[in-house]
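Beneath this line is the structure, given in structure tokens, with notes to follow.
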Amino acid sequence: MKNFEELGISNGLIKGLNELNITKPTDIQLKVIPLLLEGNTDIVGQAQTGTGKTAAYGLPLLEQIDVNINAVQGLILCPTRELGQQVAKQLFKFTKFTPKVFIEAVYGGEGIEKQISSLQRPTHIVVATPGRLIDLVKRKAVDLRNVKTVILDEADEMLSMGFKKELDEILGFLHAVENKWLFSATIPVGIKDIINKHLSKDAHRVVVNPKNVVNSKITHQYLICEEKDKLSVLLQFLKSEHKNRGIVFCRTKATAQKLSKQLIAKNIATDAIHGDLLQKERDKVMRAFKNETLQILIATDLAARGIDVEGLRFVVHYQLPESDEYYTHRSGRTARAGKEGVSLCLVTAADVKILRNYERTLSIGFKQVREVK
């Protein structure tokens, strides 16, 4: 097993990684980092969420930055504000022992004027959601003429959120780009279109565990119950987990809000995150969850990406998601950084066929539990 030094990462960045307890490269890092350090290249990396993709592309990007040039040299596109903030924060932590690399995250849901003034400071890397980036380019608030590397992170999610037009537009006006690095958990038709249109014909393809799209450290379980009994089953499960923390996923905002109130009424430290919240309210809930003031977070699928919280023991699917892709993203919130976790589906008898479909498409196995111990 190679270490980061053998992969070609410089000492300053390795010191930053050691401080974060990152000492062994993951599969995607082992495969991708040497390719990206070799020279200018395009790459398509397919790996599940939680496999260390940020370091896989972030470390080579940081190695490329010339801190003596006061210009944006790297651009990272992310589907959500949460993921953008997380990526920017992680890159910042990597650079603790290196010459200062300035990273700015820009996204919708916050005043654009504040972001415009932040971009007037020296900036080497911009992490952006596609819509906000286009707004900033139109206002001439960000200069992308010196960008050498553009990275599409969670590309399938950007597509499912309706950003295809924006991605085409952004990739269309980045003329000086020498490197296009695309990372995605899945490669649906729309992603193939982007690859064919914008990446070079001889782009490297790196696939990590294509059969095992879902993290193998997750135990997948289901419990059959009537809709009306789901709350009492959930309460029983949470009681059995004692102080362990996790996320309960709902498909609709209405269910998330109602369930949050029901759990609070049972004295469980809970709050909900969904699309109706103002950005500052979402930030407040996420802060409380990360600080462990909250034991349980209720979330809709909007929140499934970009939540990276240490040590979550379980995920409960109170309502099944709309697609198997979302099942992957939800489940990936647990069993991170080599730990084990449980993904429990509360389903009616009619829902079991959906689980059978997950087993086929995601190559996973579900174990039925009769009752919560």
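The values are calculated or read from the model by the stated rules, or taken from the named source; none is laboratory data. Note that the structure is predicted; figures quoted are calculated from it, not measured. We place every Cβ from the backbone using ideal geometry, glycine too, and count neighbours over all the protein chains shown.
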Failed condition for Val213, given (1) crowded, with 21+ Cβ neighbours inside 10 Å; (2) at pLDDT 90 or above, with all others met? (2)
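Quick check on this structure: which one of Ile33, Ile43, Ile65, Ile28 is within 15 Å of Leu182 (Cβ to Cβ), surrounded by 18 or more Cβ atoms within 10 Å (Cβ to Cβ), among the hydrophobic types (A, V, I, L, M, F, W, C) and at pLDDT 95 or above?
Ile43
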Could you say whether any residue in the range 223-241 is within 18 Å of the chain's Cα centre (by Cα) and either in the same structural domain as Leu277 (by TED's automatic domain parsing) or surrounded by 19 or more Cβ atoms within 10 Å (Cβ to Cβ) (or both)? no
In the range 279-304, which residue that is under 18 Å from the mean Cα position of the chain (by Cα) and in a loop (DSSP other than H, G, I, E, B) is surrounded by the most Cβ atoms within 10 Å (Cβ to Cβ)? Ala304
For residues in the range 93-117 being at pLDDT 95 or above and small (Gly, Ala, Ser), which is nearest to Gly275 (Cα to Cα)? Ala105
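Being crowded, with 22+ Cβ neighbours inside 10 Å, of a type outside the set (A, V, I, L, M) and either touching a Lys or Arg at 6+ places or on another chain (Cβ under 8 Å) or under 14 Å from Thr98 (Cβ atoms) (or both) is the requirement here; does Gly12 meet it?
On the way: crowded, with 22+ Cβ neighbours inside 10 Å: no; of a type outside the set (A, V, I, L, M): yes; either touching a Lys or Arg at 6+ places or on another chain (Cβ under 8 Å) or under 14 Å from Thr98 (Cβ atoms) (or both): yes.
Criteria not met by Gly12.
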Considering only residues that are over 21 Å from the mean Cα position of the chain (by Cα) and among the β-branched types (Val, Ile, Thr), look in the range 251-278 and name the one that is farthest from Ser331 (Cα to Cα). Ile264
In contact with a Ser or Thr (Cβ under 6 Å, 6 or more places away or on another chain), surrounded by 20 or more Cβ atoms within 10 Å (Cβ to Cβ) and in the same structural domain as Pro130 (by TED's automatic domain parsing), is that true of Gly52? yes
Qualifying residue in the range 73-88 (condition: closer than 29 Å to Gly16 by Cβ, in contact with a Cys (Cβ under 8 Å, 6 or more places away or on another chain) and assigned to a loop (DSSP other than H, G, I, E, B)): no
